[in-house]
Amino acid sequence: MVEAVHFLAFGPHPDDAEIGTGAFLLKMKNRGYRTGMVTLTEGDMGSGTPEVRREEARRAARDLKLDALEVLDLGDTRLEDSQANRAVVASLVRKYRPEIVLAPYYGLEPGRGRGHADHITCGHLVTHGVNFAHLEKFPAEGRPHAVKKILYYFLPPYMKPTFIVPVDAEFPQAIQALANHSSQFDRPDRPKFFPTRLEATAGYLGAQIGAKFGQAFYVQDVLKVEDPLQLFA
């Protein structure tokens with residue numbers, strides 16, 4: 001039987017979930033939680049073969065100390081929020097039984113980067129798959145499982161996050177893990193933005209909470225707070 005994880009991050013392509021959640025997952029792992037990652041496509045429309053990208057994902061997962069990694073082939077640039085794919089996501093949720101799921105934010109204007117069609121679709125697909133995973137009669141593998149919350153990453157710069165997690169110690173390690181995706185970041189045909197752009201983004205988020213680096217998340221639901229003094233300590 002597969003051991004459950006506390007946090008399960010979904011990404012559309014190899015390197016996406018690592019960029020948006022890698023430092024956070026490292027921090028959670030260092031606090032004693034089990035972590036996992038699911039990549040829905042092999043990224044085969046970009047540079048690098050599926051075999052290369054799978055191997056890069058495995059090396060990055062090792063450096064992020066993940067307890068579980070799955071790389072699927074649901075179609076780069078062809079990812080669909082279909083009933084069949086929702087069943088795939090629900091089956092993975094039932095398999096790993098996470099308390100928290102992480103997924104790309106879905107409410108973006110389409111385009112390059114965060115607005116890639118697969119990023120937006122991944123947000124919708126994972127949201128629906130997670131929701132249906134707890135339904136007894138939904139046709140997915142495994143026992144029904146209810147996730148406590150979905151945390152959305154890859155927020156647009158104009159959007160105020162629900163919260164930002166300080167990742168001062170973990171961010172440099174996450175960058176080292178991301179460096180395994182050399183097929184994406186060591187290309188002579190594109191500007192050299194790795195890791196400077198990621199450092200700038202994490203630094204901007206960290207500055208908002210008095211930290212050097214931060215990773216931001218959005219939660220759809222109103223959060224219940226029993227003691228505000230503990231929250232703002």
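Here, each number is a calculation from the coordinates, and none is a lab measurement. What you are looking at is a predicted structure, and each value in this text was computed from that prediction instead of being measured. Glycine gets a Cβ as well: all are built from the backbone with ideal geometry, and neighbour counts include every protein chain shown.
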Margin query: Could you identify which residue out of Pro166, Pro139, Pro12 has the top mean-square fluctuation in a GNM of the chain using Cα springs shorter than 10 Å?
Written below: Pro139
Next item on the list: Set the Förster radius R0 to 25 Å, insert the Cβ-Cβ distance between Ala169 and Ile209 as r into 1/(1 + (r/R0)^6), and round the FRET efficiency to 0.05.
Entry: 0.95
Check: By a straight-distance test (C-alpha under 14 Å), which aspartates and glutamates pair with Lys212 as possible cross-link partners, with residues fewer than eight away in the same chain excluded?
Finding: Asp168, Glu170, Glu199
Notebook entry, point to check: Among Arg97, Arg114, Arg62, which one moves the most in a GNM of the chain with springs linking Cα atoms closer than 10 Å?
Noted result: Arg62
Notebook entry, point to check: How much net charge surrounds Val130 when only the other residues with a Cβ under 11 Å from the Cβ of Val130 are counted, with Lys and Arg +1 and Asp and Glu -1?
Noted result: +4
Checklist line | Listed residue (Gly107, Phe213, Gly142) projecting farthest to the positive dipole end of the range 104-233, Cβ model | finding: Gly107
Margin query: Checking understanding here: applying a Kyte-Doolittle mean of at least -0.5 and a length along the axis of at least 15 Å (C-alpha), which whole DSSP H helices in the chain pass?
Written below: 16-30, 83-96, 117-132, 196-207
Next item on the list: With a Förster radius of 22 Å, plug the Cβ-Cβ distance of Glu70 and Met45 into 1/(1 + (r/R0)^6) and report the FRET value to the nearest 0.05.
Entry: 0.65
Notebook entry, point to check: Long-range amide H contacts for Met37: which residues qualify at under 5 Å (H placed 1.01 Å from N, peptide plane, sequence gap of 5 or more or a different chain)?
Noted result: Ala9, Ala68, Leu69, Glu70
Check: So, with +1 on the Cβ of K and R and -1 on the Cβ of D and E, and no other charges, what is the size of the charge dipole of the chain about its Cα centre, to the nearest 20 debye?
Finding: 420
Margin query: For a test of the definition: using alpha carbon positions, the gyration tensor, and the 1.5 limit on a/c, classify the chain as rounded, prolate or oblate.
Written below: rounded
Item checked: Given Lys95/Lys192; Lys137/Lys160; Lys29/Lys192; Lys148/Lys192; Lys149/Lys192; Lys27/Lys148, the pairs whose alpha carbons are separated by over 28 Å -> Lys95/Lys192; Lys137/Lys160; Lys29/Lys192; Lys148/Lys192; Lys149/Lys192
Next item on the list: Between Glu55, Glu18, Glu109, find the one with the highest GNM mean-square fluctuation for the chain; connect C-alpha pairs within less than 10 Å.
Entry: Glu109
Margin query: What's the magnitude of the charge dipole for the range 1-100 around its Cα centre, counting Lys and Arg as +1 and Asp and Glu as -1 at the beta-carbon? Answer in Debye, nearest 20.
Written below: 580
Check: If you put +1 on each Lys and Arg Cβ and -1 on each Asp and Glu Cβ, how big is the dipole of the range 49-167 around its Cα centre, in Debye rounded to 20?
Finding: 380
